[in-house]
1. Can you give the convex hull volume per residue for the Cα atoms of chain A, as a whole number of Å³?
2. Kindly state, to the nearest 0.05, the FRET efficiency for residue A:189 paired with residue A:5, given R0 = 25 Å and r defined as their beta-carbon distance.
3. Cα axis of helix B:146-163 to longest principal axis of chain B: angle in degrees, 0 to 90, nearest 10?
4. Obtain the nm distance between the two label points defined at residue A:46 and residue B:238 by a simple spin-label model: each point lies 7 Å from its Cα along the Cα-to-C-beta direction.
5. What are the semi-axes of the equivalent ellipsoid for the range B:129-245, taken as the square roots of 5 times the Cα gyration tensor eigenvalues, largest first, in whole Å?
6. Take the Cβ-Cβ distance between residue B:253 and residue A:67 as r, set R0 to 60 Å, and report the resulting FRET efficiency rounded to the nearest 0.05.
7. If contacts are Cα pairs under 8 angstrom and at least 6 residues apart, what is the relative contact order of the range B:312-359 in percent?
8. Taking a ≥ b ≥ c as the square roots of the Cα gyration tensor eigenvalues, with a/c under 1.5 meaning rounded and otherwise prolate when a/b beats b/c, else oblate, which class fits the range A:163-249?
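Coordinate-derived values only; no laboratory data. Given the structure is predicted, the values throughout are model-derived calculations rather than measurements. All Cβ positions, even for glycine, are placed from backbone atoms using ideal geometry, and neighbour counts span all protein chains on display.
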Ligand SMILES: Cc1ncc(C[n+]2csc(CCOP(=O)(O)OP(=O)(O)O)c2C)c(N)n1
Ligand code: SF4
């Protein structure tokens, strides 16, 4: 059998979604951001909602998300994506609106917008990438940096006494009456990728029931100063015990 | 004949926003402009026209809600007073950078800091020189009556969409709080989603197969591209001169010109009458748009008069622009009150005598 006989439409088992543009991703090798971009766009494609989707890119490593996601997108000010999403969805209730935010964006400068959009029950989906560090600005301490973890602004490790504690914003958000679905996932193994995609799909499908919040605990090989493989191992050993994976708030109707 | 209503400036602009077909308002309470949000909520605009009104968690959130909604081509508005307008500046800069239309009302109170809830014009520089970071301008309208508060809501939306730029209505506590008669224009229909797609093809309304995705951003990583973007913006800011507005009262035979805007222009009109009764030929020039500024008109008058007195409720802000327009052609003096104090017509006439006429 010739190779040409194999490369045929009918034999395709996986295809890159055309909801991602052809532009090469600007993320560092091994970074989880790219995988989450893909999952989100696959979900938009599978739900057939491209013409009704409006996305909001944050300030952070994913500031250029609009270069890669083939949907209408807006670049927000640092931390304000949930406010933009509120304005959009309130005036365009028939649209699917998502924000895509890092931990500095969502859990430090934008805490008020995160909490209040969640509490009001805005009908939006928030994708929250928690890598425990400020990737874009060169590896400073984030609100989610673990105790003892090193960053450029806590070079000897985070010390609770002087620098405060890491913030479990996802658990906080889950307490609020306006959230419908709150979950924490990861994308470092094929199995986790599959679960994360299911969660993102559920979060997009159900945004009109209340705010849907998907945290992805992710790596930052550059900020953590590790190889991609080391960073994934380190994440599993250190991040997951403090940020345990799994659903945190599930609507009663949901069949798990 | 249309009926007159007796209303506060803050209520008039809120009513006018509904009638102008506004799609949304996002705000946060602060004196002396809280009546805007209160009036809107009491009117149930969701029933009247379908307009969305939301009390945000902060001024920062409010302007960013406006930012998001404006990206979808909707007519949106926010209002606040000085400290709240300071908080909005990052969002306003983003909107100017991304070329988005909206109407922002600042009912100025005295500052700096928490200041006072009394009226002031202390935010002139912030309003006309940009306000937030970066090189940009807002189209700035300065109402001097309750009627103009109403009229400028409608005009503000028209200009915002004409230029794809935020329009700032710069009022002060007097205009916001005082009651006057006002006549309203008829209810205008809200724009439909189909009309938005046709009229404003740049909006983020969802990528359809017949067009590329729309992106709204103010980020240009390459310096040369950012410079080009800035050039384009600057050309637009210049073009705004097309819609320059000012009012000249008894300037033709005047020896002395008073220049003032907003509520102070109303007071100066009285001063002008008092001066004329005292044999001083005074005229008044009232800039209605503060950006664009009537520099050419002021320059033209400067060649004909013996002096110009600029009157403001601040330490002397617009007077700098007046001096730039006059370029030394005639003496320019300034009279100002601060901290919520309002100048009286008599003290303005005294200032004119003491600072310009002499003797
Ligand atoms: C108002 C404001 N403050 C600070 C910055 C600088 N800044 C850019 S990205 C960033 C941190 C982003 O970190 P995070 O949200 O965790 O995203 P990541 O880059 O890790 O994906 C900061 C502080 C900014 N652009 N705007
Ligand atoms: S700095 Fe970190 S978060 Fe940013 S792209 Fe690189 S690896 Fe990813």
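1. That works out to 141 Å³ per residue.
2. Values: r = 33 Å, r/R0 = 1.31.
About 0.15, to the nearest 0.05.
3. 50
4. The two pseudo-label positions are separated by 5.4 nm.
5. 31, 22, 11
6. On the way: r = 63 Å, r/R0 = 1.05.
After rounding, the FRET efficiency stands at 0.45.
7. Worked out over the range B:312-359, it gives 40 percent.
8. oblate
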